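As structure tokens, the structure follows; a few thoughts come after it.
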Amino acid sequence: MTTPIILLLSGISPEYNAELEKHGRPVRAIASDLREKAIADLGEDVKVVITNGFAGLTQSEMERMPQLKLICCVGVGYENIDLACAKSRGIPVSFGPNTNADAVADHALALVLGLLRRVVEGNDAACRGIERNQLSIPEQLHGKKLGLFGLGQIGSRIAKRAAGGFDAEVGYVALQPREEFSYRYFDNLVALADWCDVLVLAAPGGSDTNRLVNAEVLQALGPKGYLVNVARGSLVDEEALAKALRNKHIKAAALDVYDSEPHAPYQLINSGEVLLSPHVAGRSEESMRNMAELVMRNMNSFFAGNGLVTPVPEQS
């Protein structure tokens with residue numbers, strides 16, 4: 001009898017191999033060429049796929065996995081998994097809510113402060129022996145208006161840090177007002193951008209939010225405004241962002257995510273007004289452990305006949 005395959009399209013530490021092996025043989029295929037080869041060679045025997053929102057899992061890939069029983073998503077995003085196909089096959093999909101929200105919130109504030117305090121410019125100047133009076137004067141977060149697109153688990157943590165730790169005034173756009181918070185609610189993104197000094201994106205990806213941060217929003221943010229994206233690259237019209245930066249319609253931007261991942265957007269590389277990180281906001285020792293352990297809890301619960309601990313909302 002062939003050993004079932006657990007196909008890992010997203011990273012989980014090898015320390016979990018023993019637990020994975022209770023359900024099959026783990027095969028890591030994160031790079032795109034390894035992924036295609038693994039599916040071609042082993043697809044017939046794949047029982048579980050472990051992926052993430054960026055890597056996803058397509059209908060054509062599922063169709064080459066006749067024994068597929070379960071899809072586990074590492075982290076909160078799952079926008080590139082074909083849920084309709086999974087539903088038609090009766091394949092449950094789990095995700096990882098709250099597993100990396102603190103890490104993302106920390107990173108968002110790091111990017112905000114990196115822009116305002118011009119940390120990269122300061123580091124470069126110190127290394128090159130440039131005196132401080134030759135540099136642009138940095139700004140402070142204290143007293144600024146910070147706008148959040150999204151006030152879920154991540155957005156609410158960013159808001160708490162900004163308001164409680166830096167005395168920033170917080171406003172937000174969400175599907176509906178969150179009565180448990182005293183932050184200022186806006187019913188559209190243009191109005192929020194017009195009001196705030198720093199616009200932070202913390203909303204889900206997918207068709208509902210695709211390219212919502214467009215030229216109109218950036219124009220409203222204005223020449224003294226900052227944009228920070230720790231959500232999904234699909235939220236931002238990157239051509240409009242590049243143009244806004246060139247024309248000084250906004251002051252600067254910091255992006256942890258972009259459409260061209262894993263490659264940084266060519267039109268923004270080496271811009272003095274752009275701070276980039278390679279989609280690491282959700283990564284920390286603590287969050288990686290949280291995400292892996294929730295994947296294992298879902299897998300163990302499912303194969304014990306108890307269903308999923310955290311099914312995606314569309315299947316709950």
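Please work out if ALA162 is crowded, with 18+ Cβ neighbours inside 10 Å and free of Cβ contacts under 8 Å to residues at least 40 places away in the same chain.
It is false that ALA162 is crowded, with 18+ Cβ neighbours inside 10 Å and free of Cβ contacts under 8 Å to residues at least 40 places away in the same chain.
Quick check: is even one residue across the stretch 175-185 in a strand (DSSP E or B), touching a residue at least 24 places away in the same chain (Cβ under 8 Å) and of a type in the set (D, E, K, R)?
No, the stretch 175-185 contains no residue that is in a strand (DSSP E or B), touching a residue at least 24 places away in the same chain (Cβ under 8 Å) and of a type in the set (D, E, K, R).
From ALA231, ALA254, grab the single residue that is in a loop (DSSP other than H, G, I, E, B), under 30 Å from ASN98 (Cβ atoms) and within 20 Å of the chain's Cα centre (by Cα).
Only one candidate qualifies: ALA231.
For the stretch 261-316, give me each residue that is of a type in the set (Gly, Ala, Ser) and either farther than 25 Å from TYR16 by Cβ or surrounded by fewer than 19 Cβ atoms within 10 Å (Cβ to Cβ) (or both).
Once the filter is applied, which keeps residues that are of a type in the set (Gly, Ala, Ser) and either farther than 25 Å from TYR16 by Cβ or surrounded by fewer than 19 Cβ atoms within 10 Å (Cβ to Cβ) (or both), the stretch 261-316 yields ALA264, SER271, GLY272, SER277, SER284, SER301, ALA304, GLY305, GLY307, SER316.
With respect to GLY77, determine if the residue is in contact with a Lys or Arg (Cβ under 9 Å, 6 or more places away or on another chain) and closer than 29 Å to GLY150 by Cα.
yes
Please list, ordered by residue number, the helices (runs of 4 or more DSSP H) wholly in the stretch 51-116 having 3 or more residues that are in contact with a Pro (Cβ under 7 Å, 6 or more places away or on another chain).
Per the criteria, no element qualifies.
Among what's in the stretch 124-157 and is in contact with a Leu (Cβ under 6 Å, 6 or more places away or on another chain) and part of a helix (DSSP H, G or I), pick the residue that is nearest to ALA108 (Cα to Cα).
GLY155
Kindly check whether there is at least one residue in the stretch 64-71 that is touching a strand residue (DSSP E or B) at 6+ places or on another chain (Cβ under 8 Å), buried (at least 17 other Cβ atoms within 10 Å of the Cβ), not aliphatic (A, V, I, L, M) and not assigned by TED's automatic domain parsing to the domain that holds ASN229.
yes
The values are calculated or read from the model by the stated rules, or taken from the named source; none is laboratory data. It should be emphasised that the depicted structure is a prediction, and the values quoted were computed from it without experimental measurement. Neighbour counts are summed over all protein chains in view; Cβ atoms, including those assigned to glycine, are modelled from backbone coordinates with ideal geometry.
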